[in-house]
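Have a look at the structure below before the remarks.
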Amino acid sequence: MTTATAIAHYPMVIGGERVDALNGETMDVSNPATNEVYATVPRSGPEDVDRAVEAASKAFPGWARTAASKRTTLMLRFAEKLQEQVESLAEAEAINSGKPVAFAAKPELLHSIEVLVYYAGAATKLTGETVPVSSHSFSYTLREPIGVCGQIIPWNYPLMMAVWKIAPAIAAGNTVVLKPASATPVTALLLAQLALDSGIPPGVVNVITGPGASVGSYLAGHPGIGKVAFTGETATGRTIMKIAADGMKRVTLELGGKSANIVFADANFEDAVNGSLFAIYYNSGQSCEARSRLLIERSIYDRFVASFAEKAQKIRVGNPLDPSTQMGAIISPAQLESIKSYVDLGRQEGAELVTGGGSPDEDALRAGNFLLPTALANAHNRMRVAQEEIFGPVVVMIPFDDEEEAIRLANDSIYGLAGTLWTQNLGRAHRVAQGVQTGLLGVNTPATGTPGLPFGGYKQSGIGRELAFETLKLYTELKGVQINTSTRPVNPWRL
Ligand code: NAD
């Protein structure tokens with residue numbers, strides 16, 4: 001059992017100060033691998049959101065006027081600070097989220113550094129245009145920052161999601177108030193401190209902690225913010241969009257997914273099996289872009305399922321802090337129960353459990369939230385397990401007969417976030433890539449987020465894009481300026 005003295009406290013970062021909630025309340029933070037409380041953070045209330053928005057508003061004019069090249073320099077320094085802290089941040093992330101420490105460091109922290117570097121460079125490339133309106137005027141557009149942006153993120157990639165949100169916003173000259181998920185607040189708070197340490201002025205990056213339903217929704221509707229950027233469940237995104245509508249705030253939503261992974265018989269079989277395992281089981285399947293529907297051409301279906309199930313059993317599930325672990329813990333007991341109930345539901349719906357379904361049989365893991373890589377075969381696309389986001393290490397395997405059916409099945413979903421197709425036929429790769437309604441598609445790779453390449457959803461997977469240059473534009477207002485260059489008097493009514 002953890003003793004009281006071992007419990008660390010992480011304050012919020014508002015206006016450059018490390019502060020607690022004005023009401024003095026705190027929330028417990030647990031380690032998903034043990035379910036022990038090991039830290040506390042402030043449980044803020046609306047009055048804390050007010051002061052965070054006020055600090056961000058105060059910092060905004062100065063930051064917006066800061067030369068873009070200076071913002072670049074500061075953000076590159078911010079990236080360096082992350083680089084210096086990779087090991088300690090990776091450990092903090094692994095303890096708080098249950099993900100393997102090896103993956104928290106690489107790819108996730110290294111990717112986060114790349115994202116900061118990308119947007120640091122992009123800050124100086126955000127330009128307006130001249131517009132040929134008429135020979136009597138000189139007209140141009142300006143890209144201006146929106147102001148204070150409220151940013152709300154989930155628990156599955158706590159530090160990476162914080163960087164995805166903060167980097168484009170501040171590169172474009174905005175200031176932010178970010179709220180991490182209550183389960184995983186630690187690394188976002190550490191990140192805000194690193195932003196300060198790198199010379200980014202106080203108030204540009206503020207991080208508050210507190211319950212989503214009260215503090216998150218209050219932030220989303222706050223009159224002092226101009227934009228809400230949210231990542232999380234589709235249902236929460238819908239609520240946030242409604243809240244933001246009253247103030248006509250700009251909205252970016254990165255939501256849920258049920259992405260298809262399509263394997264054609266002409267694919268490189270081994271690559272397809274290995275890539276498909278990674279595509280669902282990375283981060284214990286707690287990824288919005290997880291390829292949780294595996295569509296397999298019927299002629300190779302049985303062989304593929306057998307090989308996939310055999311290899312799934314070789315994935316090393318275990319203590320997140322063990323560098324050899326490949327799959328760590330599920331975020332919470334409630335999430336584990338929800339995932340297991342989906343496995344039961346799949347079997348009731350007629351799918352066959354071909355591997356996993358239970359927790360690892362190891363004493364050391366019993367107190368934590370662990371689940372073996374799980375696969376449900378002989379499924380069809382109308383089953384609830386094929387339509388609803390399970391958000392755990394569970395894949396649903398569905399056979400198809402031809403290219404047309406594969407595209408139809410892939411698109412038979414309310415979601416459209418990501419996808420992969422495996423084929424060696426070039427024409428087919430392009431045809432299917434164009435046919436699948438999804439924001440991101442990998443061909444012969446379980447591609448995920450890459451700085452520069454847009455990440456975001458079609459349909460109910462969201463609105464807007466992250467990681468791309470376009471994302472910077474989504475953090476700006478577009479202004480048209482027209483200058484009269486004519487020598488003729490201005491007298492339109494001949495008065
Ligand atoms: P969630 O929607 O429950 O919570 C996300 C955040 O919203 C948290 O910070 C939470 O405190 C806050 N929140 C909850 N209710 C709120 C409300 N009424 N008003 C304002 N804020 C509120 O999501 P989660 O369970 O933390 O994360 C998992 C979900 O996130 C999955 O659906 C996953 O697909 C999605 N996700 C999407 C992407 C993407 O880029 N599309 C990336 C990661 C995760």
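Take the residues in region 167-190 that are assigned to a helix (DSSP H, G or I) and in contact with a Phe, Trp or Tyr (Cβ under 9 Å, 6 or more places away or on another chain), then tell me which one is surrounded by the fewest Cβ atoms within 10 Å (Cβ to Cβ).
Going through the qualifying residues, I end up with L190.
Any residue in region 231-242 that is over 24 Å from E389 (Cα atoms), among the charged types (D, E, K, R) and either in a helix (DSSP H, G or I) or in contact (Cβ under 8 Å) with a residue 24 or more places away in the chain (or both)?
Within region 231-242, none of the residues are over 24 Å from E389 (Cα atoms), among the charged types (D, E, K, R) and either in a helix (DSSP H, G or I) or in contact (Cβ under 8 Å) with a residue 24 or more places away in the chain (or both).
Being outside any loop (DSSP other than H, G, I, E, B) and either of a type in the set (D, E, K, R) or more than 7 Å from the ligand (Cβ to nearest atom) (or both) is the filter here, so list the residues in region 207-218 that pass it.
V207, S214, V215, Y218
Quick one: which residue in E91, E114, E87, E80 is closer than 22 Å to N206 by Cβ and open to solvent by 40 Å² or more (accessible area, probe 1.4 Å)?
When all the criteria are applied, what remains is E80.
Please enumerate the residues belonging to region 231-283 that are within 12 Å of the ligand (Cβ to nearest atom) and small (G, A, S).
Those that are within 12 Å of the ligand (Cβ to nearest atom) and small (G, A, S): G232, A235, G237, A244, G256, G257, S259.
Restricting to region 114-165, give me the number of residues that are among the aromatic types (F, W, Y) and more than 16 Å from the ligand (Cβ to nearest atom).
Total meeting the criteria: 4.
Taking F304, is it hydrophobic (A, V, I, L, M, F, W, C) and either within 28 Å of V101 (Cβ to Cβ) or touching a Leu at 6+ places or on another chain (Cβ under 8 Å) (or both)?
Spelling it out, it is not the case that F304 is hydrophobic (A, V, I, L, M, F, W, C) and either within 28 Å of V101 (Cβ to Cβ) or touching a Leu at 6+ places or on another chain (Cβ under 8 Å) (or both).
Please go through region 166-182 and give me each residue that is more than 10 Å from the ligand (Cβ to nearest atom) and on the phi < 0 side of the Ramachandran plot, ordered by number.
Those that are more than 10 Å from the ligand (Cβ to nearest atom) and on the phi < 0 side of the Ramachandran plot: I166, A167, P168, A169, I170, A171, A172, N174, T175, V176, V177.
For region 98-105, does any single residue satisfy the condition of being modelled with pLDDT of 95 or more, open to solvent by 10 Å² or more (accessible area, probe 1.4 Å), within 16 Å of the ligand (Cβ to nearest atom) and not in a loop (DSSP other than H, G, I, E, B)?
Within region 98-105, one or more residues are modelled with pLDDT of 95 or more, open to solvent by 10 Å² or more (accessible area, probe 1.4 Å), within 16 Å of the ligand (Cβ to nearest atom) and not in a loop (DSSP other than H, G, I, E, B).
The values are calculated or read from the model by the stated rules, or taken from the named source; none is laboratory data. A quick note: this is a predicted structure, and the numbers were derived from the prediction, not measured. Please note: Cβ atoms are built from the backbone with ideal geometry, for glycine as well, and neighbour counts cover all protein chains shown. Heavy atoms of the whole protein, side chains included, go into the accessibility calculation; ligands, DNA and RNA do not. Shrake-Rupley method; radii C 1.70, N 1.55, O 1.52, S 1.80 Å.
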